[in-house]
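Colleague: Structure below; questions to follow.
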Amino acid sequence: MARTFLIHGYVEDPTIFDKLVPYLPAAEFVRINLADEFERWQPVGLVNVQRVANYIADCYEIEATDVIIGHSMGGWIAIHIKQLTNAIVIQVASWTDQRKIRLPTHNLRLLKMLLYSGITQSRPLLNYFQKQYPFQESADLYCRLMNGMRTMSRRYLYQQLQTLFAPVSPLTVSPELRIHARRDSIVARPSEPFVEVPGDHFGLVFYPEQVAEAILTVDLSDLFDRL
């Protein structure tokens with residue numbers, strides 16, 4: 001049976017895919033938990049998405065016949081795994097250009113300072129972001145993720161921030177499919193063609209049938225024939 005890897009986003013965990021998986025074709029689903037992966041890996045020195053992708057590709061012996069579905073940061077990791085392995089990649093609410101991430105600053109030095117000063121995980125700042133979040137439909141999920149940050153180690157949070165924002169070489173590959181909601185307030189919509197789904201950044205949770213329908217438009221048999 002074909003392997004389908006699921007890679008979650010920033011401060012998420014593999015349960016972000018729970019609503020989507022039942023609508024997908026039968027496969028050997030491999031849920032990547034990045035907290036566990038970083039704990040096993042224990043990388044020394046600076047991290048970037050290319051190092052993360054290389055670790056995951058080697059650890060799981062990912063090949064061109066494998067499928068990777070990545071949400072948000074998970075899609076950013078997935079496309080770099082494709083760069084290494086030519087695996088089939090489907091990005092959901094993700095990007096191939098770091099400038100698409102909607103955050104007031106992408107400066108890693110500043111983000112690290114805010115994190116290790118305690119500001120990033122402080123209740124006042126998290127409450128502020130929760131109040132500013134514009135979508136009622138996914139507000140509870142967003143708040144749960146923000147509150148979950150308070151229990152994450154600073155080391156792991158900084159590893160994720162580096163994965164998001166550390167400079168990397170330009171990509172030479174593209175995903176087989178981009179899925180995005182125009183109302184996404186966390187990641188700007190792609191400049192390239194994409195399949196639009198309802199909702200916001202968390203469409204795979206609240207509109208899993210529509211996200212699955214988009215995924216099913218990818219003719220995997222045709223892709224395998226071209227390998």
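Colleague: Restricting the search to region 40-59, which residues are among the polar types (S, T, N, Q) and closer than 15 Å to Gly75 by Cα? So that I can check it myself, show each step before the final result.
Modeller: Here is the first cut: in region 40-59, the ones among the polar types (S, T, N, Q) are 42, 48, 50, 54.
Of everything in region 40-59, those that are among the polar types (S, T, N, Q) and closer than 15 Å to Gly75 by Cα turn out to be Asn48, Gln50, Asn54.
Colleague: Among the numbered criteria (1) farther than 22 Å from Leu177 by Cβ; (2) in contact (Cβ under 8 Å) with a residue 24 or more places away in the chain; (3) touching a helix residue (DSSP H, G or I) at 6+ places or on another chain (Cβ under 7 Å); (4) in a helix (DSSP H, G or I), which single criterion is violated by Leu84?
Modeller: (1)
Colleague: Now, a different point. Scan region 178-227 residue by residue and report those that are assigned to a helix (DSSP H, G or I) and either modelled with pLDDT of 95 or more or under 17 Å from Gln98 (Cα atoms) (or both).
Modeller: Gly203, Leu204, Val205, Phe206, Pro208, Glu209, Gln210, Val211, Ala212, Glu213, Ala214, Ile215
Colleague: Separate question: For region 154-182, enumerate the residues that are out of contact with any Phe, Trp or Tyr (no Cβ under 7 Å at 6 or more places or on another chain) and of a type in the set (D, E, K, R).
Modeller: If the condition is that a residue be out of contact with any Phe, Trp or Tyr (no Cβ under 7 Å at 6 or more places or on another chain) and of a type in the set (D, E, K, R), then Arg155, Glu176, Arg182 are the ones that fit.
Colleague: I would also like to ask the following. For region 1-34, which residues satisfy the criterion of being outside any strand (DSSP E or B) and crowded, with 18+ Cβ neighbours inside 10 Å? Let's see the steps before the verdict.
Modeller: Residues of region 1-34 outside any strand (DSSP E or B): 1-2, 8-27, 33-34.
Within region 1-34, His8, Gly9, Tyr10, Val11, Glu12, Pro14, Ile16, Phe17, Leu20, Leu24, Leu34 qualify.
Colleague: Now, a different point. Output the residues belonging to region 157-177 that are hydrophobic (A, V, I, L, M, F, W, C) and outside any loop (DSSP other than H, G, I, E, B).
Modeller: Those that are hydrophobic (A, V, I, L, M, F, W, C) and outside any loop (DSSP other than H, G, I, E, B): Leu157, Leu161, Leu164, Phe165, Leu177.
Colleague: Could you list all residues from region 73-114 that are in contact with a Pro (Cβ under 9 Å, 6 or more places away or on another chain), surrounded by fewer than 16 Cβ atoms within 10 Å (Cβ to Cβ) and polar (S, T, N, Q)?
Modeller: Gln98
The values are calculated or read from the model by the stated rules, or taken from the named source; none is laboratory data. All figures in this text were calculated on a predicted structure; none of them were measured in a lab. FYI the Cβ positions are ideal-geometry reconstructions off the backbone, even for glycines, and counts take in every protein chain you see.
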